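Undergrad: The structure's right below; bear with me while I get my questions together.
The values are calculated or read from the model by the stated rules, or taken from the named source; none is laboratory data. Worth saying up front: this structure is predicted, and the values here are computed from it rather than measured. A quick note on method: Cβ atoms are made from the backbone with ideal geometry, for glycine too, and the neighbour counts reach across all protein chains shown.
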């Protein structure tokens, strides 16, 4: 073998070794760049912080007293523990379903008929999971009444987004009152149809009727009745269709509520400001 051939073999071997060493690094880099959930670690951190910022903004607006904050932390703890317990029951039921679904897969993989008994067992397990899931969803609602006893009505409106909905409704009524007679029927009717939600008992005609009443009232009577008119339209401006108790329950089981509220109260206790 000539020296030139030896050099070519050595060069080729060197290339193979470099490629062999590089492939695992590329695979590791690929795994790091794309986690199973499709989000990078930094993206998840950003999302988490934004959620905490939104929660803190709401808590700041509540201006809770130290006593209210303490009671709310304890109540949230109870609500989260109860929800976790119900969730554990759902996980246990799901675990019982896993081997049944694996059996179904094996039969279908072999293109064999799935036994009726197995199908029945799967259906029963899925029904159990659905029943438990419904119970899990109801757990937070059971704590809403106690939360109402802790918070004032204005605070409840803030916690459920009701104050923002009422503000949006009042701005709509002010806009309606400022329309010219020529524009009123066309633009107000179009907005009434866009806002309408028959499931809330507010179809287009009902909404337009509120507009007409708000427009017809003289300033002094409008000032006296605007609250009632606003309350009628406010449900149309809430995000989603969940009632107040459902929204209160959702707040209580938010895993970030307790740590964010505790940090806020620690800051206030240290002399950083008031509620």
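Residue by residue, here is whether (1) modelled with pLDDT of 90 or more; (2) under 30 Å from residue 232 (Cα atoms); (3) touching a strand residue (DSSP E or B) at 6+ places or on another chain (Cβ under 7 Å) holds:
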site	(1), (2), (3)
110	yes, no, no
121	yes, no, no
126	yes, no, no
131	yes, no, no
134	yes, no, no
144	yes, yes, no
150	yes, yes, no
165	no, yes, no
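Undergrad: Residues 100, 62: which one is at pLDDT 95 or above, in contact with a helix residue (DSSP H, G or I) (Cβ under 6 Å, 6 or more places away or on another chain) and either crowded, with 16+ Cβ neighbours inside 10 Å or at positive phi (or both)?
TA: 100
Undergrad: Can you pull out the residues in segment 119-143 that are over 30 Å from residue 246 (Cα atoms) and surrounded by 15 or more Cβ atoms within 10 Å (Cβ to Cβ)?
TA: 121, 122
For (1) within 25 Å of the chain's Cα centre (by Cα); (2) assigned by TED's automatic domain parsing to the domain that holds residue 213, each residue gets a yes or a no:
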{"site": "96", "(1), (2)": "no, no"}
{"site": "117", "(1), (2)": "no, no"}
{"site": "125", "(1), (2)": "no, no"}
{"site": "139", "(1), (2)": "yes, no"}
{"site": "143", "(1), (2)": "yes, no"}
{"site": "171", "(1), (2)": "no, yes"}
{"site": "174", "(1), (2)": "no, yes"}
